[in-house]
1. Going by the conditions given, is ASN96 under 30 Å from VAL137 (Cα atoms), touching a residue at least 60 places away in the same chain (Cβ under 8 Å) and open to solvent by 40 Å² or more (accessible area, probe 1.4 Å)?
2. Among the numbered criteria (1) touching a residue at least 12 places away in the same chain (Cβ under 8 Å); (2) more than 21 Å from LEU124 (Cα to Cα); (3) open to solvent by less than 40 Å² (accessible area, probe 1.4 Å), which one does LEU10 miss?
3. Go through the range 28-49 residue by residue and tally those that are out of contact with any Phe, Trp or Tyr (no Cβ under 7 Å at 6 or more places or on another chain), open to solvent by less than 60 Å² (accessible area, probe 1.4 Å), among the hydrophobic types (A, V, I, L, M, F, W, C) and touching a residue at least 24 places away in the same chain (Cβ under 8 Å).
4. Within the group VAL19, VAL56, VAL25, which residue is more than 13 Å from the chain's Cα centre (by Cα), surrounded by 17 or more Cβ atoms within 10 Å (Cβ to Cβ), not in a helix (DSSP H, G or I) and not polar (S, T, N, Q)?
5. Search the range 59-76 for residues being surrounded by 14 or more Cβ atoms within 10 Å (Cβ to Cβ) and β-branched (Val, Ile, Thr), and hand back the single one that is farthest from TYR39 (Cα to Cα).
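The values are calculated or read from the model by the stated rules, or taken from the named source; none is laboratory data. Just so we're clear, the structure is a prediction, and the values are computed from it rather than from any experiment. Reconstructed Cβ throughout: ideal geometry from the backbone, glycine too, with neighbour counts over all protein chains shown. Note: accessible area is taken over every heavy atom of the protein model, side chains too, but ligands, DNA and RNA are not part of it. Shrake-Rupley method; radii C 1.70, N 1.55, O 1.52, S 1.80 Å.
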Amino acid sequence: YLRGVTTSILIWTLVSTVVLSALGVPYSILLGLLFGAIYVIPYMGAFVMFLTVFLVTALSGTTGNTFVHFSDPWTCAAVFTVIFGLTWLIYDSLINPRIVGNAVGLSPLVSFFVVFAGGALLGLAGMVLAYPIAGTVKVILARILRVTGSATKDELSLPAVPLRHQKA
């Protein structure tokens, strides 16, 4: 789980830095590092990211980039915030569950269910604890109860030594 979350945070840091740089938001590298650090905070992390992009863009007086130009910095900030928000939504909905789910050994569909069920049952704490609990349950079912997982050598009735290597 920790490997998956760490990988996801590093990828989000890179993605947010690239998107902010492409948009022309000032301090994009610093903001990308900050956004990577607060990515794992549910809801509040996203709110802080969007508010920061909006305020930094508007208060710096940025009115556009190479491709577009707006009449005032507030309009530019709103458009850049919406674009960044869509990037976050795509990453958080499609890419993050795959990365963390693969690290825990869960399919993307199960990953979505786990996070939503954790949020419905325990709120923010349930969403944060959803993957570790699901991973623990999967390990228990796979190793102790042998409900999930692949077939073992005993279940397949395979000889300890392959037949071609046995002496006649």
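1. no
2. (3)
3. Qualifying residue count, the range 28-49: 1.
4. Result: VAL25 is the single residue among VAL19, VAL56, VAL25 that is more than 13 Å from the chain's Cα centre (by Cα), surrounded by 17 or more Cβ atoms within 10 Å (Cβ to Cβ), not in a helix (DSSP H, G or I) and not polar (S, T, N, Q).
5. My answer is THR63.
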